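A.B. asks: Sharing a structure here in structure tokens format.
Computed from the coordinates by the stated procedures, all read-outs in this text should not be read as laboratory data. Remember, it's a predicted structure, so these values are computed and weren't measured experimentally. Here the Cβ is made from the backbone with ideal geometry for all residues, glycine too, and neighbour counts use every protein chain on show.
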Amino acid sequence: MTLHKTTAELRALDAAHHLHPFSDTRALNAEGSRVIVKGEGVWLTDSDGNRYLDGMSGLWCVNVGYGRDEIADAVAAQLRELPYYNTFFKTTHTPVIELAAKLAELTPPQFNRVFFTGSGSESNDTVIRLVRRYFDIKQQPNKKVIISRRNAYHGSTVGAASLGGMVPMHEQGNLPIPGIVHIAQPYFWGEARQGETPEEFGLRTAQALEATIDALGEDKIAAFIAEPIQGAGGVIIPPATYWPEIARICRERDILFISDEVICGFGRTGNWFGCQTFGTQPDILVMAKGITSGYMPLGGVMVADRVVDVLLEGGDFNHGYTYSGHPAACAAALVNLDIMVREDLVGRVARDVGPYLKAKWTALADHPLVGEAPALGMVAALELTPDKVGRTKFPDVGKVGTLARDFSFKNGLVMRAVRDRLIIAPPLVISHGEIDELVTRARKTLDDTWGELKRLGWTG
Ligand code: PXG
């Protein structure tokens with residue numbers, strides 16, 4: 001896009017008229033926002049011509065990388081042919097039909113039906129209504145409670161933020177809504193007891209699900225929702241014992257299991273979906289982001305056959321969005337998925353760039369500031385700590401993380417800070433050379449942060 005305005009002019013307009021998500025707008029306006037003008041592969045350019053390696057795939061979504069003309073062309077063609085039509089009153093259209101069939105093919109075998117939405121948040125709101133409807137039709141109207149986890153992220157609408165376990169979100173707007181219960185998350189570094197092994201901790205944390213079902217009564221519980229790896233919560237990769245135990249509990253109990261694959265879906269963990277990486281069998285699978293690689297907004301909810309069979313008994317499902325199955329978004333998704341298949345991006349993550357990133361990334365654990373450096377597929381984290389052995393936290397949680405995040409930008413690398421944990425989720429198309437560059441810049445960022453902390457006398 002041609003720039004008609006200077007960076008200063010753009011910043012001034014942004015400050016005057018734009019309320020940013022998850023931001024302290026006054027503080028941001030004082031500092032001035034970064035204006036991103038171009039993306040190519042894994043690289044971003046800002047309005048001053050600075051280049052950044054995008055370690056976050058935008059916001060965990062640009063799986064096939066920036067600059068795919070094929071997707072842009074398909075969207076433009078669809079906009080010319082049929083820019084919009086709905087899927088409500090006995091109508092449908094070609095892109096939505098083709099995408100639904102494609103998703104039935106790519107998702108695990110229990111899934112053959114999809115409900116389309118415009119985002120991950122809308123998908124999770126859909127899920128709340130859908131699971132409650134399911135048990136109503138089954139004449140089990142008391143089964144309404146959905147169990148989720150603390151520090152989970154499921155979106156920002158009232159329903160999705162309630163499912164999420166983010167305290168700062170709940171504190172604004174009287175959340176969660178009734179009927180959502182949160183249990184512990186499998187965050188070994190942050191929450192294990194002294195002396196507990198990861199395996200013991202994983203098992204104990206999973207068993208909180210069983211204990212909660214028993215405490216509240218199985219006749220009250222509709223579902224359990226979880227991200228395979230918590231993304232926005234800080235790339236929390238559970239210990240190996242966690243998912244098998246959760247899978248056992250979900251199998252033995254009359255509850256639905258919802259896998260929120262908004263981040264883990266579409267190749268990020270080295271399989272098409274995170275549930276395949278961890279061996280779980282969800283009844284509902286939540287999608288967004290990577291479904292179009294972020295080129296167009298689109299979300300969806302895959303519903304397993306055994307759940308669909310019941311829903312179909314119930315007649316009307318009084319739910320839907322204007323943009324459910326938007327034709328141009330579906331056209332983008334179709335080409336995006338075609339690219340993923342053609343270039344075997346999922347296999348590439350599993351066998352090539354995933355292991356390569358892991359080898360390079362985990363070596364950062366030797367840095368004096370790093371407590372752990374877990375990586376899996378195309379997600380990874382660096383827990384920053386003043387005490388590698390005792391796992392203590394910095395005073396004023398989040399300050400060191402933000403400091404490091406800002407250094408990272410200066411070093412031409414986009415990383416995200418969650419508390420004092422740096423996280424990455426690069427595009428699946430990243431090359432070995434770009435991974436080397438990413439890790440070099442991450443190490444430089446750690447050194448810069450360490451130097452600054454020493455200067456401030458904060459290193460303990
Ligand atoms: N589920 C998961 C697992 C997500 O990560 C959503 C649902 C909601 O999707 P939408 O499309 O409504 O945003 C998400 C979104 C962050 C960050 O700071 C992460 C997300 C969104 C915004 C910020 O890491 N994930």
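A.B. asks: With all pairs of different alpha carbon atoms counted, what Kirkwood hydrodynamic radius in Å does segment 314-367 show?
C.D. replies: 14.9 Å
A.B. asks: Along each of its three principal axes, how wide is the spread of alpha-carbon positions in segment 70-342, in whole angstrom units, largest first?
C.D. replies: Over segment 70-342, Cα extents along the principal axes are 62, 40, 38 Å.
A.B. asks: Return the sequence-ordered ³J(HN,Hα) values of segment 52-65 in whole Hz as given by the Karplus equation 6.51 cos²θ - 1.76 cosθ + 1.60 applied to θ = phi - 60°, using x for Gly and Pro.
C.D. replies: 10, 7, 7, x, 10, 6, x, 10, 6, 10, 7, 4, 8, x
A.B. asks: In 5 Å bins starting at zero, report the fraction of Cα pairs in segment 154-272 per bin as a rounded %.
C.D. replies: With 5 Å bins starting at 0, P(r) equals 2, 11, 19, 22, 22, 17, 7, 1.
A.B. asks: Sum up the charges of everything whose Cβ sits under 14 Å from the Cβ of Asp305, counting Lys and Arg as +1 and Asp and Glu as -1, but leave Asp305 out.
C.D. replies: Surrounding charge for Asp305 is -1.
A.B. asks: Using only Cα positions of the chain, each an equal point scatterer, no hydration layer, compute I(q)/I(0) via Debye at q = 0.08, 0.11, 0.12 Å⁻¹ and quote the log10 values to two decimals.
C.D. replies: -0.47, -0.92, -1.10
A.B. asks: If Lys and Arg each add +1 and Asp and Glu each add -1, what is the summed charge of the other residues whose beta carbon sits under 14 Å from the beta carbon of Asp420?
C.D. replies: My count for the surroundings of Asp420 gives +2.
A.B. asks: Hey, another quick one. For segment 389-460, restrict the atom set to alpha-carbon positions and state the Rg and Dmax in Å.
C.D. replies: 13.2, 41
A.B. asks: Right, next: All other residues with a Cβ under 14 Å from the Cβ of Arg51 taken together, and with Lys, Arg as +1 and Asp, Glu as -1, what is their net charge?
C.D. replies: Result for the neighbourhood of Arg51: -2.
A.B. asks: Quick check on packing: order 412-421, 4-13, 45-54 by the mean number of other C-beta atoms within 10 Å, highest mean leading.
C.D. replies: Ranked from most to least packed, the peptides come out as 412-421, 45-54, 4-13.
A.B. asks: Report the far tail of the P(r) of segment 87-194, meaning the percent of Cα-Cα pairs longer than 17 Å.
C.D. replies: Roughly 66 percent, rounded to a whole number.
A.B. asks: Give the residue list of GluC sites (Glu not before Pro) in segment 157-264 that are DSSP loop and have at most 10 other beta-carbon atoms within 10 angstrom.
C.D. replies: Answer in residue order: Glu171.
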